[in-house]
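The block underneath contains the structure these notes are about, expressed in structure tokens.
The values are calculated or read from the model by the stated rules, or taken from the named source; none is laboratory data. In this text the structure is predicted, and so the values were computed from the model without any measurement. Quick note on the areas: whole protein, heavy atoms, side chains included, nothing else; ligands and nucleic acids left out. Shrake-Rupley method; radii C 1.70, N 1.55, O 1.52, S 1.80 Å.
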Amino acid sequence: LQGNAVLSTTNPLPVTPAAATAATPIAVAASDNHATLKNGAGVAMSVHTSNNSATKNYLRLYDAGTGFNGCNSATGVIFAMEIPPNDGGFSVSLGGGVGIAFTTGLSWCITSGFGLTDTTNATASAIYANASYR
């Protein structure tokens, strides 16, 4: 070491993150399934889906709170994914496991049409979806 540099041997204390809250799983209906999962700021941690139909479906998360009905808009989209067909189960940790921040609220849409503004009805009685957030 040169000059007045000091080598530190202090280890930082581990920080335990707040536990995530899971939204109640839904059985997807023949609609765009728009819903607000949490009103207010937070962090989306993960998404879990399963699909026993032969049709691909799609899930989008939005930074949007109470009153959300914006599946026909790409405004506020913070995450989008395919829900694989044919008994595909899928879990995604968001933001590399640290989550994706939202400021207004956490809402979602689940449709069977590709695109950030698609509102084609999802495949009914074939998909379960769940998200966790804190």
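Here the accessible area of the chain is 55 percent carbon and sulfur, with a 1.4 angstrom probe and all protein chains present.
Per residue, segment 42-101 exposes 44 Å² of accessible surface when a 1.4 Å probe is rolled over the protein heavy atoms with every protein chain present. On the principal axes of its alpha-carbon atoms, the chain has extents of 69, 32, 25 Å, going from largest to smallest.
According to the Cα-based calculation, Rg over Rh for segment 30-69 is 1.00, with Rh computed by the Kirkwood formula. Residues LEU37, LEU116, LEU106 ordered from highest to lowest accessible area at a 1.4 Å probe: LEU116, LEU37, LEU106.
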